[in-house]
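J.: Please read through the structure below; I'll follow up with questions.
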Amino acid sequence: MELMQIRYFLETARTKHMTNSAKNLHITQPALTQAIRRLENDLGVPLFAAKGRNIVLTEYGKYLQNKLEPLMRQMDDIPEQLKMMVALEGETIHMNVLAASSLVMEAIIEYKKKHEDINFQLHQNSESELYDIAVTTKLFYQGGNEKNSFACGEEIYLAVPDNGKYRGKTSICLVEAAEEEFISLLGSREFRYICDRFCQHAGFTPKIIFESDNPSAVKNMIAANMGIGFWPEFTWGSAENENVKLLKIEAPICQRDIIIHYNRNKTDNHNVVEFYEFLTGFFEERKEFHHSGHFL
């Protein structure tokens, strides 16, 4: 199959009308008909069948359409991906931020004060490898010692309403919350996976009653006594709302690693390495400052 044949076939499969397809493809109808017949001869199966004045896909045609459409989308995305690769050579640092987004933003704002010429583009795509620096998260025992990477351990607390049931408590075994209703982060997929694993280790599946990709919304829902939730120790900071209480989870161990990794994908990696060192230092300083205070 030639690329042009594939495009002709997919357009015809979309419109199911030879005349309209030929018009959209800027070719004559006989030329399109001939191209489709040649493709059918090459494959040895009929792809279309007549239905009144229109045409419909045969089962072979439907199968071919389902196989070719994802491939064509990937091919159509290649020019944009190549443009992004070219952009990576400039003074823009491309970041894939899948964890600790608020701290990353604070670090960028601080860095820009002395480096106005450096630009940042933030993405959230767990499948993409087109980045300069990625910030991800894993369970504490899954964090690898990858080259050009930094891991920062973080304990996860259980945030509960400061009501009679929890008043006076400073710690809890997670199984004690098995019947509670949970507020959860929707957009942070890795963090959600990690928290679900904590519950799995404790022997239950959490009852999720509200999900949001906004940490502030999650905090406010917990403070409103709508449910309980997991709270990353230093990336979210202390519970400023007096109605929220943070409990240390005694069992199972509830910790994760925040991993900062950079790619050597530029001719000159100076700007990337410099910001990577600033960012890792920013995280270390924030964690030390956090631990120097009284968290709970």
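Derivation of every value follows stated rules applied to the coordinates shown; laboratory data play no part. Since this is a predicted model, take the numbers as computed values, not measurements. Neighbour counts are summed over all protein chains in view; Cβ atoms, including those assigned to glycine, are modelled from backbone coordinates with ideal geometry.
J.: Looking at this structure, is SER126 in contact (Cβ under 8 Å) with a residue 60 or more places away in the chain, over 30 Å from MET105 (Cβ atoms), touching a Lys or Arg at 6+ places or on another chain (Cβ under 7 Å) and among the small types (Gly, Ala, Ser)?
T.: No.
J.: Right, here's the next one. Filter segment 188-207 down to the residues that are out of contact with any helix residue (DSSP H, G or I) (no Cβ under 9 Å at 6 or more places or on another chain) and farther than 19 Å from LYS248 by Cα, then identify the one that is surrounded by the most Cβ atoms within 10 Å (Cβ to Cβ).
T.: If we filter segment 188-207 for residues that are out of contact with any helix residue (DSSP H, G or I) (no Cβ under 9 Å at 6 or more places or on another chain), which is where we start, we get 189-197, 200, 207.
Still in the list and also farther than 19 Å from LYS248 by Cα: 189-190, 193, 207.
Details: ARG189: 15, GLU190: 17, TYR193: 12, LYS207: 12.
Looking at the filtered set, the residue picked out is GLU190.
J.: Taking GLU2 as meeting all but one of (1) over 21 Å from ASP76 (Cβ atoms); (2) exposed (fewer than 15 other Cβ atoms within 10 Å of the Cβ); (3) out of contact with any Gly (no Cβ under 9 Å at 6 or more places or on another chain), write down the number of the exception.
T.: The single condition GLU2 does not satisfy is (1).
J.: To continue, here is another question. Name every residue in segment 198-242 that is of a type in the set (S, T, N, Q) and closer than 26 Å to LYS287 by Cβ, in order of residue number.
T.: Taking segment 198-242 and keeping what is of a type in the set (S, T, N, Q), we get 200, 205, 212, 214, 216, 220, 225, 235, 238, 241.
Result: SER212, ASN214, SER216, ASN220, THR235, SER238, ASN241.
J.: Right, another one. Taking segment 62-84 on its own, how many of its residues are farther than 20 Å from LYS16 by Cα, touching a residue at least 40 places away in the same chain (Cβ under 8 Å) and not hydrophobic (A, V, I, L, M, F, W, C)?
T.: Result for segment 62-84: 1.
J.: Next up: Scan segment 108-149 for residues that are part of a strand (DSSP E or B) and touching a Phe, Trp or Tyr at 6+ places or on another chain (Cβ under 8 Å) and jot them down. Steps first, answer last, please.
T.: First pass over segment 108-149, keeping only residues part of a strand (DSSP E or B): 119-123, 133-139, 149.
Within segment 108-149, HIS123, ILE133, ALA134, THR137, SER149 meet the criteria.
J.: Going by what's in this entry, would PHE278 be described as assigned to a helix (DSSP H, G or I) and either surrounded by 14 or more Cβ atoms within 10 Å (Cβ to Cβ) or of a type in the set (A, V, I, L, M) (or both)?
T.: On the way: assigned to a helix (DSSP H, G or I): yes; either surrounded by 14 or more Cβ atoms within 10 Å (Cβ to Cβ) or of a type in the set (A, V, I, L, M) (or both): yes.
Against the criterion (assigned to a helix (DSSP H, G or I) and either surrounded by 14 or more Cβ atoms within 10 Å (Cβ to Cβ) or of a type in the set (A, V, I, L, M) (or both)), PHE278 qualifies.
J.: Follow-up. Is it true that some residue in segment 139-151 is within 20 Å of LYS219 (Cβ to Cβ), touching a strand residue (DSSP E or B) at 6+ places or on another chain (Cβ under 7 Å) and surrounded by 11 or more Cβ atoms within 10 Å (Cβ to Cβ)?
T.: Here is the first cut: in segment 139-151, the residues within 20 Å of LYS219 (Cβ to Cβ) are none.
No, every residue in segment 139-151 fails to be within 20 Å of LYS219 (Cβ to Cβ), touching a strand residue (DSSP E or B) at 6+ places or on another chain (Cβ under 7 Å) and surrounded by 11 or more Cβ atoms within 10 Å (Cβ to Cβ).
J.: Follow-up. Name the strands (runs of 3 or more DSSP E) wholly within segment 150-228 that hold at least 2 residues that are in contact (Cβ under 8 Å) with a residue 12 or more places away in the chain and charged (D, E, K, R)? Steps first, answer last, please.
T.: On the way: elements: 171-173, 181-185, 207-212.
In segment 150-228, the matching strands (runs of 3 or more DSSP E) lie at 207-212.
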